[in-house]
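The values are calculated or read from the model by the stated rules, or taken from the named source; none is laboratory data. Since we're looking at a predicted model, the values are computed, not measured. Here the Cβ positions follow ideal geometry from the backbone for every residue, glycine too, while neighbour counts run over all protein chains shown.
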Amino acid sequence: MIFLDANFIIDLFVDTEDNHKKAVKIYEKIKDKELIISNSIIMEVMTVLNIKLKVSKELLEKVYNRLNSGKFGIVEDITLYDDTNERMISYLPRRLPFFDCLYIELMEQLGIEKIATFDKHLCDSLGPRFSVIQWGN
């Protein structure tokens with residue numbers, strides 16, 4: 001299983017993003033594996049595409065439909081919010097976003113050891129049992 005972070009998905013679908021070519025290479029390498037996202041990933045991706053990147057209506061529809069096409073396993077993560085909050089508080093005084101804590105919690109609870117992400121802060125927060133999928137390996 002490989003967890004797909006929101007920034008990876010965004011870079012995969014938006015060809016003007018800095019890591020678009022890397023995301024495409026990574027996706028080509030992992031597309032036949034079991035790829036996991038969560039409902040929060042969908043919310044984060046759609047919000048960034050709509051509000052921050054202001055992509056077209058067509059791209060919004062394409063990404064939403066693709067994420068919900070059955071190609072990706074979608075995990076309901078609302079049941080992890082309490083554990084995520086405890087994790088976030090445990091990192092203090094270091095500040096880590098709730099979403100990052102949620103994705104780490106989800107990966108730990110589901111036994112997912114690989115993640116596709118370009119988020120340096122998230123990478124720095126992952127424990128040694130996790131590995132980040134790199135475009136070169």
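Can you tell me which of Glu28, Glu17 is over 16 Å from Gln134 (Cα atoms) and of a type in the set (D, E, K, R)?
Working: Glu28 fails: over 16 Å from Gln134 (Cα atoms).
Every option except Glu17 fails the conditions.
Test each condition in (1) at pLDDT below 95; (2) within 24 Å of Lys33 (Cβ to Cβ) for Arg66 and report the one that comes out false.
Against the list (1) at pLDDT below 95; (2) within 24 Å of Lys33 (Cβ to Cβ), Arg66 comes up short only on (1).
Sort out which residues of region 81-118 are outside any loop (DSSP other than H, G, I, E, B), under 27 Å from Asp18 (Cβ atoms) and among the aliphatic types (A, V, I, L, M), and write them in order of number. Talk me through it step by step, then tell me what you get.
To start, the set of residues in region 81-118 that are outside any loop (DSSP other than H, G, I, E, B) comprises 81-90, 98-110, 114-116.
Add one more test, that the residue is under 27 Å from Asp18 (Cβ atoms), and what stays is 98-104, 106-107, 114-116.
Once the filter is applied, which keeps residues that are outside any loop (DSSP other than H, G, I, E, B), under 27 Å from Asp18 (Cβ atoms) and among the aliphatic types (A, V, I, L, M), region 81-118 yields Leu102, Ile104, Leu106, Met107, Ile115, Ala116.
Conditions (1) at pLDDT 95 or above; (2) over 14 Å from Asn7 (Cβ atoms), marked per residue:
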position	(1), (2)
Leu59	yes, yes
Lys62	yes, yes
Lys71	yes, yes
Tyr91	no, yes
Arg94	no, yes
Gln109	yes, yes
His121	no, no
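Across region 42-62, what is the number of residues that are more than 21 Å from Ile112 (Cα to Cα) and in contact with a Phe, Trp or Tyr (Cβ under 9 Å, 6 or more places away or on another chain)?
The initial filter retains those residues of region 42-62 that are more than 21 Å from Ile112 (Cα to Cα), namely 46-62.
If we keep only those that are in contact with a Phe, Trp or Tyr (Cβ under 9 Å, 6 or more places away or on another chain) too, we end up with 46, 49, 55, 59, 62.
Summing the residues that are more than 21 Å from Ile112 (Cα to Cα) and in contact with a Phe, Trp or Tyr (Cβ under 9 Å, 6 or more places away or on another chain) in region 42-62 gives 5.
This table checks each residue for (1) within 25 Å of Gln109 (Cβ to Cβ); (2) surrounded by fewer than 18 Cβ atoms within 10 Å (Cβ to Cβ).
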position	(1), (2)
Leu4	yes, no
Phe8	yes, no
Glu17	no, yes
Lys62	no, yes
Asn65	no, yes
Ile74	yes, yes
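Return the only residue of Asn39, Asn65, Asn19 being polar (S, T, N, Q) and within 15 Å of Phe118 (Cβ to Cβ). So that I can check it myself, show each step before the final result.
Values: Asn39 fails: within 15 Å of Phe118 (Cβ to Cβ); Asn65 fails: within 15 Å of Phe118 (Cβ to Cβ).
It is Asn19.
Residues that are assigned to a loop (DSSP other than H, G, I, E, B) and not acidic (Asp, Glu): does region 36-47 have at least one?
no
Working carefully through the options Ile10, Ile36, Ile104, Ile78, find the one that is touching a strand residue (DSSP E or B) at 6+ places or on another chain (Cβ under 7 Å) and either modelled with pLDDT of 95 or more or closer than 26 Å to Gln134 by Cβ (or both).
On the way: Ile10 fails: touching a strand residue (DSSP E or B) at 6+ places or on another chain (Cβ under 7 Å); Ile104 fails: touching a strand residue (DSSP E or B) at 6+ places or on another chain (Cβ under 7 Å); Ile78 fails: touching a strand residue (DSSP E or B) at 6+ places or on another chain (Cβ under 7 Å).
None of the others qualify; the one that does is Ile36.
Give the residues of region 38-76 that are of a type in the set (S, T, N, Q) and over 12 Å from the mean Cα position of the chain (by Cα), sorted by residue number. It would help to see each step written out before you state the result.
So in region 38-76, the residues of a type in the set (S, T, N, Q) come out as 38-40, 47, 50, 56, 65, 68-69.
Selection gives Thr47, Asn50, Ser56, Asn65, Asn68, Ser69.
Suppose we keep only residues that are within 22 Å of Asp18 (Cα to Cα), of a type outside the set (Gly, Ala, Ser) and assigned to a loop (DSSP other than H, G, I, E, B) within region 123-137. Which one would you say is modelled with the highest pLDDT?
For region 123-137, the residue satisfying everything is Ile133.
Would you mind finding the one in Lys33, Lys54, Lys21 that is exposed (fewer than 14 other Cβ atoms within 10 Å of the Cβ), basic (Lys, Arg) and part of a helix (DSSP H, G or I)?
Working: Lys33 fails: part of a helix (DSSP H, G or I); Lys54 fails: part of a helix (DSSP H, G or I).
Step by step, each of Lys33, Lys54, Lys21 is checked, and only Lys21 is exposed (fewer than 14 other Cβ atoms within 10 Å of the Cβ), basic (Lys, Arg) and part of a helix (DSSP H, G or I).
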